[in-house]
Amino acid sequence: MSLIVFVGVNIVGDPVDMLINPEADQAEIERFIRDLGLDRPLHEQYWYFVLNALKGDLGNSFIFNQPALKLIIQRIPATFELALAALLMAVTIGIPLGVYAGLNPDYRISKTIMATSILGFSLPTFWVGLMMIMVFAVMLGWLPSFGRGETEMLFGIEFSFLTRDGLAHLLLPALNLSLFKMSLVIRLTRAGTREVVHQDYIKFARAKGISQNRIIFVHLMKNIMIPVVTVLGLEFGGLIAFSVVTETVFSWPGMGKLIIDALHNLDRPVIVAYLMIIVIIFVFINLVVDVLYSILDPRVRLQELKG
Amino acid sequence: MSETVRVAHTHEPIVREVETPFRRFLSDYFESQVAVISLFVLGVIIFIALLAPFISPTNPYDLASVTILDSKLPPGGQSMAGITYWLGTDGAGRGLLSSIFYGLRISLGVGVMSSLIALCIGATVGLMAAYYGGRTDTVIMRIVDIQLSFPAILVALILLAALGKGVDKIIVALVIVQWAYYARTVRASALVERNKEYVDAARCLALGDKRILFRHLLPNCMPPLIVVVTVQTAHAISLEATLSFLGVGLPITEPSLGLLIANGFDYMLSEMYWISFFPGVALLITIVSINLVGDQLRDVLNPRLQK
């Protein structure tokens with residue numbers, strides 16, 4: 001895996017052209033290439049890369065001249081903040097809408113909600129982001145369109161949501177990123193609700209004279225949450241992946257923006273390091289989701305016991 | 001997919017009274033007004049994409065007729081030569097309407113090509129997994145599972161980082177991203193079909209594996225596949241646009257809708273919304289109409305819902 005990426009990245013383009021001052025003479029160019037170790041044959045470069053990687057050193061960025069790993073880790077909090085904010089939005093807006101549409105499937109509002117959710121699936125994220133900037137930042141001037149704004153330190157990490165300005169910066173990107181997941185949550189909740197309301201235990205709860213609110217929030221919610229939570233867990237990885245798009249549109253300084261810039265500048269160590277880290281993150285997320293799944297859904301555990 | 005439906009139109013008048021499964025399929029499909037409209041829209045889009053050079057009002061890539069003097073005209077603006085640009089022009093003076101027509105051609109072409117190739121690979125692999133079972137099945141499905149646990153955009157990004165830009169490369173990337181969906185779908189239905197009598201009969205006739213797989217099993221696994229092809233084509237188009245927008249997909253010489261939108265990004269902050277807006281609308285209409293057609297096909301082809 002690392003070999004494929006390494007070789008592939010090294011075949012594409014010549015970073016020397018991108019980096020060096022166009023007026024440099026031949027001697028300077030050669031010294032520069034030697035400094036970066038680009039004069040050695042590819043298999044030798046890969047060998048050095050693996051040796052260093054095992055020591056936790058994924059090389060220095062060509063552009064920033066800092067360790068690539070450090071650069072990326074610095075950007076992780078920004079990406080996670082964005083992804084979590086988007087997840088939160090998807091849940092807090094998506095679940096109520098989904099339950100409403102599921103309880104009253106024939107209302108016009110419900111039909112509008114469902115139609116909008118189809119739109120949410122189809123709209124390309126980046127284009128919606130552009131249009132949001134157009135409307136809210138350029139035309140109306142309500143919200144800022146790029147960057148993180150003021151950040152506040154918490155546990156030694158910078159967060160945007162702690163300041164008013166930062167929150168304003170967070171709103172548009174998070175909404176943009178959450179649209180797709182929101183549609184997903186709406187559809188899942190609606191489908192779950194429609195299935196659950198016809199179950200005997202709901203009828204029984206009604207027959208007992210339990211209030212509508214209690215039925216919805218206790219009896220119904222508990223049972224529709226299992227698929228929603230598991231899918232959301234799976235989709236959290238998707239949010240981190242799609243933050244590449246949103247970060248580029250809103251110039252959000254997370255790791256997605258970093259990788260796109262690195263791709264444009266042919267900053268090989270950063271590309272390789274990013275891919276290594278993202279693979280680790282994904283393996284970890286998938287593991288957590290698997291564990292969560294068996295905790296949340298007793299049926300999975302029982303099945304395993306039987307098997 | 002749409003091709004098959006259009007072929008259907010030409011055959012329609014021949015058999016009027018006979019109730020064939022195919023006619024039932026058609027009449028089921030045409031029950032929903034939304035589905036008919038979206039099929040029609042999709043037909044128009046395909047028509048435009050195929051005939052772009054003949055129906056475009058201007059040729060946006062003919063250097064002789066494009067002048068910088070006409071650049072950034074608002075929608076409906078008149079050029080120096082007296083041509084009206086109904087959707088305005090971009091920064092280099094190219095008519096947007098014509099650019100969109102040409103862009104549709106590339107976007108649709110890449111989307112359809114990649115999902116058809118992925119279909120061929122995925123269907124073959126999936127059939128083999130289901131038919132041979134045992135170790136073949138385990139290995140193939142394990143690869144599919146690993147592949148599907150990573151978001152498509154991330155895999156495509158990694159691949160394109162390694163492969164570089166180009167139409168062929170983005171098709172390769174999209175195929176690699178998509179084949180697993182087809183493999184999984186085909187396997188699921190082939191597992192059911194495999195145990196039916198007609199397969200046993202074919203085996204008793206000592207037909208070759210290849211013949212049984214493609215002539216007997218495959219046709220019976222078609223309905224769910226058709227749905228997946230539609231949905232995946234929409235997905236591929238959207239993914240290609242996103243990647244091109246990020247600058248890792250198509251080169252600037254192949255201006256798909258994603259690239260057109262990316263072009264307008266810089267102008268948007270100075271309120272020239274149309275350069276990004278209209279290509280985005282075209283993209284949106286394409287994706288929504290494909291998704292709606294897919295939705296209806298899913299309902300019509302689902303055996304559980306059949307009357």
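The values are calculated or read from the model by the stated rules, or taken from the named source; none is laboratory data. Given the structure is predicted, the values throughout are model-derived calculations rather than measurements. Here Cβ is always computed from backbone atoms with ideal geometry, including for glycine, and neighbour counts include all displayed protein chains.
So the values come out like this:
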{"quantity": "Residue in segment A:98-111 that is free of Cβ contacts under 8 Å to residues at least 60 places away in the same chain and within 14 Å of chain B (Cβ to nearest Cβ) present", "calculated": "yes"}
{"quantity": "First in segment A:226-239 and of a type in the set (S, T, N, Q), second anywhere and not in a helix (DSSP H, G or I), Cβ under 8 Å, 6 or more apart", "calculated": "A:THR230/A:ASP297"}
{"quantity": "Of the criteria (1) out of contact with any Pro (no Cβ under 8 Å at 6 or more places or on another chain); (2) facing chain A (nearest Cβ under 8 Å); (3) buried (at least 24 other Cβ atoms within 10 Å of the Cβ), which one B:SER238 fails", "calculated": "(1)"}
{"quantity": "Some residue of segment A:246-265 being in contact with a Pro (Cβ under 7 Å, 6 or more places away or on another chain), buried (at least 23 other Cβ atoms within 10 Å of the Cβ), of a type in the set (Phe, Trp, Tyr) and farther than 28 Å from A:VAL196 by Cα", "calculated": "yes"}
{"quantity": "Of the criteria (1) farther than 26 Å from B:PHE277 by Cβ; (2) at pLDDT below 85; (3) surrounded by fewer than 17 Cβ atoms within 10 Å (Cβ to Cβ), which one B:MET80 fails", "calculated": "(1)"}
{"quantity": "Hits in segment B:256-276 (condition: surrounded by fewer than 23 Cβ atoms within 10 Å (Cβ to Cβ), part of a helix (DSSP H, G or I) and within 7 Å of chain A (Cβ to nearest Cβ))", "calculated": "B:PHE265, B:MET268"}
{"quantity": "Some residue of segment B:236-254 being at pLDDT 85 or above and farther than 30 Å from A:ALA137 by Cβ", "calculated": "yes"}
{"quantity": "Residue that is farthest from the other protein chains (Cβ to nearest Cβ), among those in segment B:170-193 that are farther than 19 Å from B:MET128 by Cα and buried (at least 19 other Cβ atoms within 10 Å of the Cβ)", "calculated": "B:ILE171"}
{"quantity": "Verdict on B:ILE285 being away from chain A (no Cβ under 13 Å), surrounded by fewer than 23 Cβ atoms within 10 Å (Cβ to Cβ) and at pLDDT 85 or above", "calculated": "no"}
{"quantity": "Filter pass, B:VAL229 being among the hydrophobic types (A, V, I, L, M, F, W, C), away from chain A (no Cβ under 11 Å), in a helix (DSSP H, G or I) and under 21 Å from the mean Cα position of the chain (by Cα)", "calculated": "yes"}
{"quantity": "Verdict on B:LEU119 being surrounded by fewer than 19 Cβ atoms within 10 Å (Cβ to Cβ), away from chain A (no Cβ under 14 Å) and part of a helix (DSSP H, G or I)", "calculated": "no"}
{"quantity": "Options A:LEU234, A:LEU275; residue that is at the interface with chain B (Cβ under 10 Å from one of its Cβ atoms), in a helix (DSSP H, G or I) and modelled with pLDDT under 75", "calculated": "A:LEU234"}
{"quantity": "Unmet requirement for A:ILE73, which otherwise passes all of (1) farther than 30 Å from A:SER243 by Cβ; (2) modelled with pLDDT of 65 or more", "calculated": "(1)"}
